[in-house]
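The values are calculated or read from the model by the stated rules, or taken from the named source; none is laboratory data. All figures in this text were calculated on a predicted structure; none of them were measured in a lab. Every residue, glycine as well, gets a Cβ built from its backbone with ideal geometry; the counts of neighbours run over all protein chains shown.
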Ligand SMILES: [Zn+2]
């Protein structure tokens, strides 16, 4: 059922003879549209709008709104709207979560890098970056590692020259061994 409501809450009442005055209801959106067109012949446009009373899918009346899908008016309640749009996701793919729009400004060369890495799927790449930033491996920090080495060497009483040699040797290895490889060296060692 549809009704016409004024912006100020005004209702359109039935004027049929012999019937008590009540709000005029329309079976279909099209009927409501016709009635609205009649009203707008004598009143300025936009003073009344079409309001859906009940959800055409479940009959419920929780926050029913009219929206258009492929130019076809749909009056759906909040639950049915959620259902409808949830089904737009490809079947079998788990929901990714809450979608928020982001506007990102980067120099052109960084966009070039970004697009190359994203390989046609920007949001997937951004999601990957967020996950990666949260993974423990990325708490890794070369300077922190050197700090641990120096602290350990001092505890053992290494002299300055030895500590410097150690720091340079470790520093040199940063370029040649990835963090997972270094981790493997340690976990597979006897130390
Ligand atoms: Zn519904």
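If you go through region 67-78 one residue at a time, do you hit one that is within 29 Å of residue 98 (Cβ to Cβ), assigned to a helix (DSSP H, G or I) and within 9 Å of the ligand (Cβ to nearest atom)?
Within region 67-78, one or more residues are within 29 Å of residue 98 (Cβ to Cβ), assigned to a helix (DSSP H, G or I) and within 9 Å of the ligand (Cβ to nearest atom).
Out of region 65-76, which residues are over 14 Å from residue 33 (Cα atoms) and under 22 Å from the mean Cα position of the chain (by Cα)?
The one that is over 14 Å from residue 33 (Cα atoms) and under 22 Å from the mean Cα position of the chain (by Cα): 69.
Of the residues 143, 158, 148, which single one is in a helix (DSSP H, G or I) and surrounded by 10 or more Cβ atoms within 10 Å (Cβ to Cβ)? Working first, answer last.
Working: 143 fails: surrounded by 10 or more Cβ atoms within 10 Å (Cβ to Cβ); 158 fails: in a helix (DSSP H, G or I).
None of the others qualify; the one that does is 148.
For region 79-86, state whether one or more residues are surrounded by 10 or more Cβ atoms within 10 Å (Cβ to Cβ), within 16 Å of the ligand (Cβ to nearest atom), modelled with pLDDT of 85 or more and within 29 Å of residue 98 (Cα to Cα).
Scanning region 79-86 turns up no residue that is surrounded by 10 or more Cβ atoms within 10 Å (Cβ to Cβ), within 16 Å of the ligand (Cβ to nearest atom), modelled with pLDDT of 85 or more and within 29 Å of residue 98 (Cα to Cα).
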